[in-house]
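Since the structure comes first, as structure tokens, the remarks are kept for the end.
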Amino acid sequence: MGVPNHLWILSPVNRDYKVSDTYPAELYVPKSATHPVIVGSSKFRSRGRFPTLSYYCKENHVSLDRSLKTTGHVYFYILSLIYIYIYILYINT
């Protein structure tokens with residue numbers, strides 16, 4: 001997929017499946033996403049899921065990310081969407 005690169009890093013945040021038991025132990029996350037941000041965003045999603053890279057097109061730098069909807073905390077859900085959209089706009093400019 002052309003990663004890691006200047007936008008995405010291979011993160012050990014889920015090592016030993018401590019954050020989400022349904023995600024791999026190592027996965028790609030935005031380079032700017034810190035460990036506390038990833039863990040914090042997993043707190044209000046089902047089964048500890050958090051936004052992660054599913055596909056990256058090296059030629060035009062388009063990404064397909066995935067995560068599960070929130071567990072009902074609408075305010076935090078909206079904030080996470082805003083964060084994700086701003087980041088997507090940032091990496092695609």
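The values are calculated or read from the model by the stated rules, or taken from the named source; none is laboratory data. On a predicted model such as this, the values are computed, not experimentally measured, just so you know. Here Cβ is always computed from backbone atoms with ideal geometry, including for glycine, and neighbour counts include all displayed protein chains. Keep in mind that these areas ignore ligands, DNA and RNA; they rest on the heavy atoms of the full protein, side chains included. Shrake-Rupley method; radii C 1.70, N 1.55, O 1.52, S 1.80 Å.
Values computed for the structure shown
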{"quantity": "Flag for Ser46 being over 24 Å from Tyr90 (Cβ atoms) and of a type in the set (Ser, Thr, Tyr)", "calculated": "yes"}
{"quantity": "Qualifying positions in segment 59-81 - of a type in the set (S, T, N, Q) and at pLDDT below 65", "calculated": "Thr70, Thr71"}
{"quantity": "Subset of segment 1-19 [of a type in the set (A, V, I, L, M) and more than 8 Å from Lys31 (Cβ to Cβ)]", "calculated": "Met1, Val3, Leu10, Val13, Val19"}
{"quantity": "Criterion: more than 23 Å from Tyr85 (Cβ to Cβ) and either open to solvent by less than 30 Å² (accessible area, probe 1.4 Å) or of a type outside the set (S, T, N, Q) (or both) - qualifying residue of Pro36, Pro24, Pro4, Pro51", "calculated": "Pro24"}
